[in-house]
Amino acid sequence: MKKRVLFSLFCFVLALQAHAQDPVIKRASCYNEDILKQADSVKQTMGKQGFIVVKEASMAMESEYEMAVLVPLTEGSFYQFVFIGDVSSRLYEVRMYDSDEKQVVYQKKLWGDVDGNVISFPYVPKFSEFYAIRPVQVNKKKKELCGYVMLLKRIR
């Protein structure tokens, strides 16, 4: 009888723990009017150059921590990646890795640079595969930040 009660209690605790751990990681979005204005401007400019937006998202970020964004890219297509960070951050970096975790792009900007909070780079993949794009921003005054990522593809 004592073993049954202990076993039942053990199963109950195990079930509570399993229920408490959400296996789905959800990326939180955020709202920053200045960043949205910049994103609209970039979309308009790139649209005139023959690009369409393939993916875009605002994302809540934490100062000094990378946020991974996975994107499928097609071999030989011309892409433009854009990251827009909080204007008050002092450092912005974006790294891009292929499926073998080899770094294929690295960009860094500082607060005082022209368009310092925007990192944009072109990329033509040699293979059709998933790529990990990892933006990070550093801000001394804020821990919670807003960022915006866009993947554009040239269609003409």
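How high is the FRET efficiency between residue 144 and residue 70 when r is their beta carbon distance and R₀ equals 22 Å, given to the nearest 0.05?
Values: r = 23 Å, r/R0 = 1.03.
The computed FRET efficiency comes out at 0.45.
To the nearest 0.05, what FRET efficiency results for residue 87 and residue 127 with a Förster distance of 41 Å applied to their C-beta separation?
Working: r = 36 Å, r/R0 = 0.87.
In this case the efficiency is close to 0.70.
Return an integer: the convex hull volume of the alpha-carbon atoms of the range 28-78, in Å³ per residue.
Working: hull volume 5.5 nm³, N = 51.
Each residue corresponds to 109 Å³ of Cα convex hull volume.
So if we plug the beta-carbon distance of residue 155 and residue 115 into 1/(1 + (r/R0)^6) with R0 = 35 Å, what FRET efficiency do we get, rounded to 0.05?
Details: r = 25 Å, r/R0 = 0.70.
My answer for the efficiency is 0.90.
Could you give me the ³J(HN,Hα) list for the range 142-156, computed from phi with Karplus coefficients 6.51, -1.76, 1.60 and θ = phi - 60°, whole Hz, x at Gly and Pro?
10, 8, 8, 10, 10, x, 9, 10, 9, 10, 10, 10, 6, 10, 9
Give the dimensionless ratio obtained when the Cα radius of gyration of the range 21-144 is divided by 2.2 N^0.38 Å. Could you put the intermediate results ahead of the total?
Values: Rg = 14.8 Å, N = 124, 2.2 N^0.38 = 13.7 Å.
Relative to the rule-of-thumb radius for its length, the range 21-144 sits at 1.08.
We did not get these values from a lab; they are worked out from the coordinates using the rules stated. The structure displayed is predicted, hence computed values, not measured ones. With ideal geometry, Cβ positions are generated from the backbone for all residues, glycine too; neighbour counts draw on all protein chains shown.
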